[in-house]
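Chemist: Questions regarding the structure given below will be posed in turn.
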Amino acid sequence: MAEPGSVWITGAGSGLGRALALRYLAAGANVAGTARRVDTLTDVALAGVGKPGHFHVHPGDLALAGQAEALVAAIERSSGPIRLAVLNAGTHRPSPAAQFSAATVSDLLEANVMTVAHCLEALLPRMLARGQGQIAVNASLAGYRGLPKAAAYGASKAALINMTESLRLELEPAGIRMRLVNPGFVRTPLTDQNDFPMPFLMDVEQAAERLYQALEHGTAFEIVFPRRFAYILKFLRLLPYVLYFPLVGRATK
Ligand SMILES: NC(=O)c1ccc[n+]([C@@H]2O[C@H](COP(=O)([O-])OP(=O)(O)OC[C@H]3O[C@@H](n4cnc5c(N)ncnc54)[C@H](OP(=O)(O)O)[C@@H]3O)[C@@H](O)[C@H]2O)c1
């Protein structure tokens, strides 16, 4: 029996968001999906036909102020209170130092941080008034520490990690559960563009299953996958710079 209320997944048209939406539909949930491209959302709705849940298409550009507010209001009107929001929409672009561009930094902060901030601004007053709700923010293991060619992406994901930790401290006593999702490499259209070896690359359905189980049945603040890669990066995060730079420099040459 699915829990009452709706599940909002941003970036539901592709990759991890799409696979997670289908997993929730298989569990009988009422899922609202957002992305800019309507056709990708319609495709998820079609893929979900025959599954016990219902998929509602709510397209929008979350980088634009005001869109998230309108979307949240529309979702709650048609599908009931959002019990879980998975703020997953985002993108990646490499930013090698030799072509450093402030525009790339600005684009990725807008795509990865402001999309989440707009959703939080729309969701929090409603969840606070109800005294319940769960919000998962999809950051990345790349937000732990500086990695080559990731100055812009890494900065955006580090910002999300810090923002989610900060909110966790304030919102837990108010009945709102913040979850931080830090994936390693998952095979999606985003990583299909990468031209470098991706250690422990994970299948998207497997990643979505892991995320689904953690969101529905786990209680830990941070959700990481694949676990072995996450443990390596957690270890690297503890190293002093004098060890971190030579080790990571060699490993990523
Ligand atoms: N794949 C990985 O290995 C990996 C690892 C760590 C973290 N992540 C994070 O996981 C999340 C999902 O990644 P993915 O690999 O599944 O990427 P993906 O296949 O490219 O999917 C990204 C989704 O976000 C949507 N989106 C992007 N900008 C948006 C905006 N402004 N407004 C609304 N929707 C927007 C896209 O749809 P439209 O283009 O139609 O808007 C698409 O549905 C991202 O935040 C990514 O940084 C991924």
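The values are calculated or read from the model by the stated rules, or taken from the named source; none is laboratory data. All of these numbers come straight from a predicted model, not from anything done at the bench. Here the Cβ is made from the backbone with ideal geometry for all residues, glycine too, and neighbour counts use every protein chain on show.
Chemist: When the stretch 83-100 is examined, which residues are found to be over 20 Å from the mean Cα position of the chain (by Cα) and over 21 Å from LEU160 (Cβ atoms)? Spell out how you get there, then give the answer.
Modeler: First, the residues of the stretch 83-100 that are over 20 Å from the mean Cα position of the chain (by Cα): 95-100.
Answer for the stretch 83-100, where residues must be over 20 Å from the mean Cα position of the chain (by Cα) and over 21 Å from LEU160 (Cβ atoms): PRO96, ALA97, ALA98, GLN99, PHE100.
Chemist: If you don't mind, there's one more thing I want to ask. How many of the residues in the stretch 46-82 are under 16 Å from the mean Cα position of the chain (by Cα) and either buried (at least 18 other Cβ atoms within 10 Å of the Cβ) or over 14 Å from THR34 (Cα atoms) (or both)?
Modeler: 3
Chemist: While we're looking at this one, here's another question. Go through the residues of the stretch 26-46 one by one and say whether even a single one is more than 15 Å from the ligand (Cβ to nearest atom), without any contact (Cβ under 8 Å) to a residue 24 or more places away in the chain, more than 23 Å from GLN213 (Cα to Cα) and not in a loop (DSSP other than H, G, I, E, B). Outline the logic, then answer.
Modeler: If we filter the stretch 26-46 for residues that are more than 15 Å from the ligand (Cβ to nearest atom), which is where we start, we get 26-30, 46.
This time we only want the ones that are without any contact (Cβ under 8 Å) to a residue 24 or more places away in the chain, so: 46.
Adding the requirement that they be more than 23 Å from GLN213 (Cα to Cα) leaves 46.
With not in a loop (DSSP other than H, G, I, E, B) added as a condition, the list becomes 46.
Checked against the condition, which is being more than 15 Å from the ligand (Cβ to nearest atom), without any contact (Cβ under 8 Å) to a residue 24 or more places away in the chain, more than 23 Å from GLN213 (Cα to Cα) and not in a loop (DSSP other than H, G, I, E, B), the stretch 26-46 yields at least one hit.
Chemist: When you go through TYR153, TYR144 one by one, which is the residue that is in contact with a Lys or Arg (Cβ under 9 Å, 6 or more places away or on another chain) and either within 26 Å of GLY33 (Cα to Cα) or surrounded by fewer than 17 Cβ atoms within 10 Å (Cβ to Cβ) (or both)? Outline the logic, then answer.
Modeler: Values: TYR144 fails: either within 26 Å of GLY33 (Cα to Cα) or surrounded by fewer than 17 Cβ atoms within 10 Å (Cβ to Cβ) (or both).
One residue alone meets the criteria, TYR153.
Chemist: Based on this model, can you work out whether PRO197 counts as within 14 Å of the ligand (Cβ to nearest atom) and within 17 Å of ALA89 (Cβ to Cβ)? Full working, then the answer.
Modeler: On the way: within 14 Å of the ligand (Cβ to nearest atom): yes; within 17 Å of ALA89 (Cβ to Cβ): no.
Considered against the rule, which asks whether it is within 14 Å of the ligand (Cβ to nearest atom) and within 17 Å of ALA89 (Cβ to Cβ), PRO197 comes out as no.
Chemist: Evaluate the following for ARG187: is it modelled with pLDDT of 95 or more and either among the hydroxyl-bearing types (Ser, Thr, Tyr) or loosely packed, with under 14 Cβ neighbours inside 10 Å (or both)?
Modeler: Values: modelled with pLDDT of 95 or more: yes; either among the hydroxyl-bearing types (Ser, Thr, Tyr) or loosely packed, with under 14 Cβ neighbours inside 10 Å (or both): no.
So ARG187 fails the test.
Chemist: While we're looking at this one, here's another question. For the stretch 79-94, which positions are away from the ligand (no atom under 11 Å from the Cβ) and either within 12 Å of ALA111 (Cβ to Cβ) or in a loop (DSSP other than H, G, I, E, B) (or both)? Step through it out loud before you land on a result.
Modeler: Let us first name the residues in the stretch 79-94 that are away from the ligand (no atom under 11 Å from the Cβ), namely 79-85, 94.
Passing the criteria: GLY80, PRO81, PRO94.
Chemist: Tell me, please, whether a residue that is on the phi > 0 side of the Ramachandran plot, crowded, with 17+ Cβ neighbours inside 10 Å and either within 19 Å of the chain's Cα centre (by Cα) or near the ligand (Cβ under 9 Å from one of its atoms) (or both) can be found in the stretch 129-138. Please lay out each step first, then the result.
Modeler: Quick first cut of the stretch 129-138, residues on the phi > 0 side of the Ramachandran plot only: 131, 133.
Next cut, crowded, with 17+ Cβ neighbours inside 10 Å only: 133.
Of the ones still in play, those that are also either within 19 Å of the chain's Cα centre (by Cα) or near the ligand (Cβ under 9 Å from one of its atoms) (or both) are 133.
Checking the stretch 129-138: at least one residue is on the phi > 0 side of the Ramachandran plot, crowded, with 17+ Cβ neighbours inside 10 Å and either within 19 Å of the chain's Cα centre (by Cα) or near the ligand (Cβ under 9 Å from one of its atoms) (or both).
Chemist: Among the numbered criteria (1) within 16 Å of the ligand (Cβ to nearest atom); (2) not in a helix (DSSP H, G or I), which one does ALA207 miss?
Modeler: The failed condition is (2).
Chemist: Counting just the residues of the stretch 70-84 that are at pLDDT 95 or above and in contact with a His (Cβ under 8 Å, 6 or more places away or on another chain), which one comes out nearest to CYS119 (Cα to Cα)?
Modeler: LEU71
Chemist: Would you please list the contacts, defined by Cβ atoms under 9 Å and residues six or more apart or on different chains, that run from a residue in the stretch 196-223 that is at positive phi to a residue that is at pLDDT 95 or above and of a type in the set (Val, Ile, Thr)?
Modeler: PHE200/ILE232
Chemist: If PRO189 satisfies all but one of (1) part of a loop (DSSP other than H, G, I, E, B); (2) in contact with a strand residue (DSSP E or B) (Cβ under 7 Å, 6 or more places away or on another chain), what's the number of the condition it fails?
Modeler: Condition (2) is where PRO189 drops out.
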